[in-house]
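Undergrad: Take a look at the following structure, please.
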Amino acid sequence: MDTSMKDLEQLASLDPARGREPTAMEWARSQAFVERVVAGEVTGRPARRRPVGRWLAVGGVTVAAGVVAAVAVPVLLPGTAEKAVASWSAAPSSRTGEQVLPQARACAGNEVGGSSSTVRPTDVLLAEQRGVATLLVMQKSGGTVVECLSVGEDQFASMGLTDGRTPPAPPAGRVTLETMSSTGSGDSMWSNIIGLVGPDVTGVDVRLDNGQILHASVKAGWWAAWWPGPAGGEVDRLTVVVHTSSGSTSHRPSKLM
């Protein structure tokens, strides 16, 4: 027997998707992607990225620290991030710590900010649901505040937001920008933005330059949102609208940093 064939059989046994038959939707997406490649619509250009902080993207996406270009690797079967993007909604649903404990435990167990063996509902500072995706801002046992994005318990990104020190709250009616970035490529590209809110802030919206408005979640001194597209990795391609009891103010991200 050809030894190379034996090597291929051994490698095949390690394939986590071995024996899995793609769904009709997955075949359709795969065929559409191949057609775009043949037509020259898909390139090997790096995905645009502007992280402020450190991302750990899991599930075959990207691992990066600091300002590092993420190489876009085409995947024929839709992954966790693609499922999240496909089901995204502009208005989030708030979640309590009790409702997202499975996701919080998965977030606590990753290496960003150190792992936590014990997770309490009160460790979750902010939690929202958009489609099938859950966004968490939570505090780990070492004091570090982190963000995690997941579908179910399958995380596709996590970032450290603080180094364990409690950041000062902004002045009344003001917000800060702690991180903003984008990652991915093509139809599965997505962005996020997170910051702190001061007293008297009743809500925060993100208005993209194409006119689209999405509502951020605000809780426990934090505000956060994520959305499909590259705007989070581009300079001032969106506006942060801060609402208070006395009115609203609009800010470009560069003025909040």
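The values are calculated or read from the model by the stated rules, or taken from the named source; none is laboratory data. These figures come from a predicted structure and were not determined experimentally. All Cβ positions, glycine included, derive from the backbone under ideal geometry; neighbour counts span all protein chains shown. Side chains are part of the model used for accessible areas, which takes the heavy atoms of the whole protein and leaves out ligands, DNA and RNA. Shrake-Rupley method; radii C 1.70, N 1.55, O 1.52, S 1.80 Å.
Undergrad: Going through the range 221-257 one residue at a time, which ones are touching a strand residue (DSSP E or B) at 6+ places or on another chain (Cβ under 8 Å), within 18 Å of Met159 (Cα to Cα) and of a type in the set (A, V, I, L, M, F, W, C)?
TA: Trp222, Trp223, Ala224, Ala225, Trp226, Trp227
Undergrad: Please enumerate the residues belonging to the range 161-182 that are in contact with an Asp or Glu (Cβ under 9 Å, 6 or more places away or on another chain) and of a type in the set (Gly, Ala, Ser).
TA: Within the range 161-182, Ala172, Gly173, Ser182 qualify.
Undergrad: Follow-up. Could you check how many residues of the range 74-126 are open to solvent by less than 50 Å² (accessible area, probe 1.4 Å), under 18 Å from Ala225 (Cβ atoms) and not in a strand (DSSP E or B)?
TA: Summing the residues that are open to solvent by less than 50 Å² (accessible area, probe 1.4 Å), under 18 Å from Ala225 (Cβ atoms) and not in a strand (DSSP E or B) in the range 74-126 gives 11.
Undergrad: Determine which member of the set Val197, Val151, Val201 is within 19 Å of the chain's Cα centre (by Cα) and among the aliphatic types (A, V, I, L, M).
TA: Val151
Undergrad: Does Gly142 meet the test of being within 15 Å of the chain's Cα centre (by Cα) and not hydroxyl-bearing (Ser, Thr, Tyr)?
TA: No; evaluated as a whole, the condition is false for this residue.
Undergrad: With respect to the numbered conditions (1) touching a Leu at 6+ places or on another chain (Cβ under 7 Å); (2) in a strand (DSSP E or B), which one is the sole condition not fulfilled by Met257?
TA: Every condition holds for Met257 apart from (2).
Undergrad: Filter the range 184-223 for residues that are open to solvent by less than 10 Å² (accessible area, probe 1.4 Å), out of contact with any helix residue (DSSP H, G or I) (no Cβ under 7 Å at 6 or more places or on another chain) and of a type in the set (Val, Ile, Thr) and give the result.
TA: Matches in the range 184-223: Ile194, Val204, Val206.
Undergrad: Something else: Here is a list of conditions, (1) closer than 21 Å to Val85 by Cβ; (2) free of Cβ contacts under 8 Å to residues at least 24 places away in the same chain, and Val151 meets all of them except one; can you say which number that is?
TA: Condition not satisfied by Val151: (2).
Undergrad: Can you pull out every residue in the range 197-215 that is in contact (Cβ under 8 Å) with a residue 24 or more places away in the chain and assigned to a loop (DSSP other than H, G, I, E, B)?
TA: Result: Gly198, Pro199, Asp200, Asp209, Gln212.
Undergrad: Let me ask something else. Only residues that are at pLDDT below 95 and surrounded by 21 or more Cβ atoms within 10 Å (Cβ to Cβ): list them for the range 167-183, please.
TA: Within the range 167-183, Glu178, Thr179, Met180, Ser181, Ser182, Thr183 meet the criteria.
Undergrad: Another one. For the range 129-148, enumerate the residues that are in contact (Cβ under 8 Å) with a residue 24 or more places away in the chain, outside any strand (DSSP E or B) and over 24 Å from Ser188 (Cβ atoms).
TA: Lys140, Ser141, Gly142, Thr144
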